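To keep things clear, I will list the structure first and then write my remarks on it.
The values are calculated or read from the model by the stated rules, or taken from the named source; none is laboratory data. As the structure is a prediction and not an experimental result, all values here were calculated from the model. Quick reminder, even Gly has a Cβ in these numbers, built from the backbone with ideal geometry, and neighbours come from all protein chains shown. Side chains included, ligands, DNA and RNA excluded: accessible areas come from the protein's heavy atoms. Shrake-Rupley method; radii C 1.70, N 1.55, O 1.52, S 1.80 Å.
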Amino acid sequence: SVRTRFLADVTLEQARRVAVRAQALDGSAKGMLDVVRRLGFLQMDPISTIAPPQHLVLYSRLGSFDVAELDRLIWEERKLFEWDAFIWPIEDLPLVRARMRRRRASANAWTRDFLQANARLRRHVLRELERKGPLRSRELKPDRLPDRSPHRWWGTTQVRLMLDLLQSYGDIAVAGRAGRQRLWDLADRIYPSTETIPWREAERLIEERRRRSLGVWLERGGLRVHPEISDEPVPNRVTFLSPFDRLVHDRARAEALFGFFYRLEMYVPRAKRQYGYYVLPILRGDQIVGRIDVERDRTSTALRVNGVWWEEGVKPFALKPALKHLAAFVGAERVLP
């Protein structure tokens, strides 16, 4: 394993540079596939106040790009694949399969109860996919199975839960998309053959990849720095980060490294929000200098800025150039203050 450095061995500024470079936020990204491989994955989410999180994470590193290329890499070239609401490099499929086996082996009582109570539904889903797949979830509703009253745990959403569980275990896979709807098929038809990696070895490799992609991580109450990533100064580029961006995803790490206290307030009642519904951190160079509440106003084809808050000690600067680039990327014709 790689020998790491304690933060005591480097300055906080050097550690921030390492973190920014590790996450390909220094302008060094060579393309979409390079970004996903360096990050390890892209997190997906249906919330699209500005753009889907997976698109916004790519934009923060690449600037404007052709969104259709991501679909091509997943569904046509098969260099990426979708699993468990994440997009992964295909070369990491052996590690993801190790995760699948681990989930099956460590299923909790709730999951075992669901699978036992819905054994007929499981057989129906697998049989229909084998005969007719790929299919949408609504095409897998078991019309000939008896209706059930809502369950105290899973209500009436048995089909969706069954699909998610079967995907989680690697029995089925997302074969494509029709709009926002997933198309399901048997996993053996979607995933290529791979080597089998025992969980203990997979766990070690997963952790090594995680540390390299982060560059800096929390360990035993302190910060550790990856020694193979440069701590040279980074360009003073300005970009906006998704709330799901790995640079700020670990809120404690973001506060320790950047002095940036960040909470997503989507589920906070409007009257109790400190900033806004979907606020983006503003990154300039190796500093998180503020946050911005910005949204796509689809009724006026504009990007609307609801508020900007600068971090303490930061001298405000013009965000208009960066906002114009973001507006162009999401297809907005202008920026509204």
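Given the rule -39500 (n - 2.57) for each run of at least 4 DSSP H residues, summed and divided by the residues of the chain, what is its mean residue ellipticity at 222 nm, to the nearest 500 deg cm²/dmol?
Using -39500 (n - 2.57) per qualifying helix, the result is -10500 deg cm²/dmol.
Around residue 39, what is the net charge, scoring Lys/Arg as +1 and Asp/Glu as -1 over all other residues with Cβ under 12 Å from its Cβ?
+4
Of all GluC sites (Glu not before Pro) in segment 295-331, which ones are in loop regions per DSSP and have a Cβ with at most 16 other Cβ atoms within 10 Å?
311, 312
Using the Cα centre of the chain as the reference point, and only Cβ charges (+1 on K/R, -1 on D/E), how large is the resulting charge dipole? Debye, rounded to the nearest 20.
860 debye
Across every pair of different alpha-carbon atoms, what Kirkwood hydrodynamic radius in Å does segment 22-72 reach?
When all Cα pairs of segment 22-72 are included, the Kirkwood radius is 11.2 Å.
Under 22 Å from the Cα of residue 79, which lysines turn up, not counting those fewer than eight places away in the same chain?
Cα-Cα hits under 22 Å: 30.
Taking 0.36 nm per residue of sequence separation and subtracting the Cα-Cα distance, how much length would be gained by fully extending the chain between residue 324 and residue 336, in nm to one decimal?
3.3 nm
Rounded to a whole number of µm²/s, how large is the Stokes-Einstein D of segment 180-337 at 10 °C and 1.306 mPa s, given Rh as the Kirkwood radius over C-alpha pairs?
It comes out at roughly 84 µm²/s.
Which percent, nearest 5, of DSSP beta bridges in the chain are antiparallel?
Percentage antiparallel, nearest 5: 90.
What dipole magnitude, in Debye to the nearest 20, does segment 164-246 give about its Cα centre under +1 on Lys/Arg Cβ and -1 on Asp/Glu Cβ?
Taking the Cα centre of segment 164-246 as origin, the dipole is about 300 debye.
Over the chain, what percent of the accessible surface lies on carbon and sulfur atoms, probe 1.4 Å?
Percent of accessible area from carbon and sulfur atoms in the chain: 48.
Which ³J(HN,Hα) values, rounded to whole Hz and listed in residue order, are derived for segment 111-122 from phi using the Karplus coefficients 6.51, -1.76 and 1.60 in 6.51 cos²θ - 1.76 cosθ + 1.60 with θ = phi - 60°, glycine and proline given as x?
Coupling constants for segment 111-122: 5, 4, 5, 4, 5, 5, 5, 10, 4, 5, 5, 4 Hz.
With everything on Cα atoms, drop me the angle between helix 93-105 and the longest principal axis of the chain, reported from 0 to 90° to the nearest 10.
It is inclined by approximately 60 degrees.
Per 10 Å bin from zero, what fraction in whole % of the C-alpha pairs of the chain is there, up to the bin with the longest pair?
5, 22, 28, 25, 15, 4, 0
Tell me the angle of helix 158-168 to the major Cα principal axis of the chain, expressed in degrees between 0 and 90 and rounded to the nearest ten.
Around 70 degrees separate the two axes.
Give me the angle, in degrees from 0 to 90, between the Cα long axis of helix 12-22 and the longest principal axis of the Cα atoms of the chain, rounded to the nearest 10.
The answer is roughly 40 degrees.
Can you give the charge dipole size of segment 222-337 about its Cα centre, rounded to the nearest 20 debye, using +1 on the beta carbon of Lys and Arg and -1 on the beta carbon of Asp and Glu?
The calculated dipole for segment 222-337 is roughly 500 debye.
At a 1.4 Å probe radius, which order do 234, 125 fall into by accessible area, largest first?
234, 125
Can you find, among 11, 170, 24, the residue farthest towards the positive end of the dipole of the chain? Put +1 on the C-beta of Lys and Arg, -1 on that of Asp and Glu.
170
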